[in-house]
Every structure is written in C-alpha cells, then in structure tokens.
1. Any idea how many residues of segment 324-335 are buried (at least 16 other Cβ atoms within 10 Å of the Cβ) and either within 27 Å of Leu247 (Cβ to Cβ) or over 21 Å from the mean Cα position of the chain (by Cα) (or both)?
2. Working only within segment 190-220, note down all residues that are at positive phi and either touching a His at 6+ places or on another chain (Cβ under 6 Å) or without any contact (Cβ under 8 Å) to a residue 12 or more places away in the chain (or both).
3. Which condition does Leu305 not pass, out of (1) among the aliphatic types (A, V, I, L, M); (2) surrounded by 15 or more Cβ atoms within 10 Å (Cβ to Cβ); (3) under 18 Å from Gly254 (Cβ atoms), if it passes all the others?
4. Looking at Gly234, is it closer than 24 Å to Leu185 by Cβ and touching a Ser or Thr at 6+ places or on another chain (Cβ under 8 Å)?
5. If you check Ser137, Ser183, which single one turns out to be farther than 25 Å from Gln276 by Cβ, among the polar types (S, T, N, Q) and more than 13 Å from the chain's Cα centre (by Cα)?
Amino acid sequence: MQRAIAPAALLSSAAPDPETTAELELARAFALTEARGVAELAAWSADFTSPFTAFFWCFVAFLLTPPWPEHAPRPENGHYVVPDRPGLGVELNVCSMSMDLLGMKRIALCAFLMHVLGVALTIFANGFWMLFFGTLSIGLGNGLVEAFVNPLTALGVVETMREEGHSALVHTAAASNLGQMLSRLCIEQQIPLVNIVRKPDQEAMLRAAGAVHVCNSTSAGFMAELTGALTTTGATLAFDAIGGGRLASQILTGMEAAASAAAGGYSRYGSAVYKQVYIYGSLDRGPTELTRSYGTAWGIGGWLLTPFLQRVGLARVAQLRDQVAAGLTTTFASSYTAQVSLPGALSLEAIAGYGRQATGSKYVIIPSRAA
C-alpha cells in the first residue's frame, strides 16, 4: 500500500522557498522511518535498563513509523512517495575507535539516544540547522552501531558453527559488508565457506578477494554449483540473510544431496547428517518456502546477535571485542558505495541509491563537504 505526504500536512501555512519545503518534507518522512531503527536499538537497551523501558521505546518507535512503500522516493501528483526504511546510510568509521574506550553497552546506549535525538530534531526541524544536527545525530548513531554489529555478527557466526559441531559454513547475501568480513575471517581461520550471491559482479568481487566457493543464485546451474560446493566443503550449517523465498530450502536440498552421496546407501528417511539453516535477515520479506526433499535430520531457526552475546557471557564477549578492535582496518574493514555531502544526500538520485534494500548501497555523508 502506498502512502504519500503532502507539503501542507507537515509544514506551516507560511510560504517558504519551494525547494526548502520539499527537502524538509522529505527529511521529515525519513525521520519517521528512522524511528524503526530506534526500536531495534531498544533491544540492546534492555542490557542496561529495565525490560519495560525497552518495550516502551519499541512501542513508541512503531507508533511513529507508518507502513511506507518499498520503492525509491519520487514526486507524484504534488506529493512525495517515500520507501520503507530508507534512512540516511551514514557509516562513520571514526566511531569504531571509541569501542574499546567506552565498551559495547555504552556505545549501544549512545547509538540509541542519538537516534531518538535525531528523529526528534528532524521531525520538528524549522530550518537548515535543526535539519543538519538531526541528520548528523542519526548518522553518528548509525556509525556507532556499525562499529560493533557487523564484526561481532561475523565472529558470532563462526562461534556458533564451532559450538554446534559443524566444520564449514554457507552464507547468503555474501557480497554485503558483513559477508565480506565473514569471507576474510574464514580465509584467515581456514574455515571452508560457501558464498551465495545474486549478481556476476558480486561473484567476481569475492573471488578476487580470495573466496573459493561462490555460487550465483540467479544462474541456470545454481543447484548443481551449490551441491558441488557443499560436497567439497561438507558444510552443514547456513546463515541466511534473505529470509523469504526458496533459498533456505534449496540450501538444505543441496546439503542432503551432498550427505547422501557420501553415505553410499539409500534410506527412505534421508541421510543421518543433521543440517541447519539459521535465518538472521529479511531482505526478502515474503514467506519462507520449504520443499521437504532433504530427509528428516534438519532444522530451520532464527539467529540474532544479542541473544548470542548474552548466551556466551561477558568474558567471551570481551575476547570477541578484542578481536574486532585488532582487525578494524583489515578483517573487519567496511567499504562504501560513495561519499556525498549533506545537501547531496537529499537529492532524489542519491536517495534512489541508498534507499534500496540491496548489497552495495551504503553511503558515507561528509557534513563538511560542499554541495
């Protein structure tokens, strides 16, 4: 369902400059969608506030967040149609340097508060400077989150693999920043990894970085390539960032084919090798479709970083944090699509780029840069 915002619905009855009016209108719509990010950070706040407080902020954030359509923003009949959770893709690497000094809990709390402040400033902006500081606050909050979420997720994936007795991994959306971190980590630790991507250029990028097994899910020979890679690596654990569609089922089917070939005999119940897929993302928001052609020894579940960190305990989290700090510029380095100025981030061309739910759509906003 599409929803449009008319200038009259958000701006005062005065007659400001038309260009400023459009930018303020669009920015306020962004602020409402950024409120959903506050809800995500509220889960982290439960570590240092009461569960009731975290629930309260989740509730407030979702009240502020209407169901925007999943398309790039565009003018339509005098209104702006805005996408679901476009946000400003601000990733500030300098925030990573504060992780050791402040600790992850304090950084998560700072990110939470910065998002709340940024949303409030941007919604109620009456001029350039309020809009500027609101956007900057949201950007700093995003940068603080980026400082620990992706690196710790990569380490958590490897840790989970070892905890559960697996020896190799499968990862989808593997060309993302997180996917590239995981690929470098597995190469360093000599862990067999099957990377699944959706575009030939993503496949080429990972292979150039040293990845051995890369499968393109859109190619005609995907299942044969996937089964071959699973047979070679013996991977029986997958982490799926896609969520919807048939990909999780295809991975289980390939794992079963590889396990059955190694077993050397037929069983009506399938192989005895246990196969697990953890869904930790929702790039495809459709239903997860399962075609049960992989025996009975399998499982599908959800995986999130926060419960993982709570389970392993403070001592292990401190060790993982030290690993992240040691590899911020190497294993856990992030890459970005482009750098834009603050006014440039409000152009429809830039919004169409970073508003997509797609790999390779992270932008760095440089507030000091001229338009």
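1. Residues in segment 324-335 being buried (at least 16 other Cβ atoms within 10 Å of the Cβ) and either within 27 Å of Leu247 (Cβ to Cβ) or over 21 Å from the mean Cα position of the chain (by Cα) (or both): 3 in total.
2. Gln190, the sole residue that qualifies.
3. Going through (1) among the aliphatic types (A, V, I, L, M); (2) surrounded by 15 or more Cβ atoms within 10 Å (Cβ to Cβ); (3) under 18 Å from Gly254 (Cβ atoms) one by one, Leu305 breaks only (3).
4. Against the criterion (closer than 24 Å to Leu185 by Cβ and touching a Ser or Thr at 6+ places or on another chain (Cβ under 8 Å)), Gly234 qualifies.
5. From the options Ser137, Ser183, the qualifying one is Ser137.
Residues checked against (1) of a type outside the set (Val, Ile, Thr); (2) more than 18 Å from the chain's Cα centre (by Cα); (3) not in a helix (DSSP H, G or I):
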position: Gly265; (1), (2), (3): yes, yes, yes
position: Tyr278; (1), (2), (3): yes, no, yes
position: Tyr294; (1), (2), (3): yes, yes, yes
position: Leu309; (1), (2), (3): yes, no, no
position: Arg316; (1), (2), (3): yes, yes, no
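Read-outs throughout are calculated quantities, based only on the coordinates presented, and are distinct from any laboratory measurement. Bear in mind the structure is a predicted one, so any value in this text is a computation, not a measurement. When we count neighbours, we look across all protein chains shown, and the Cβ atoms used for this are built from the backbone with ideal geometry, even at glycine.
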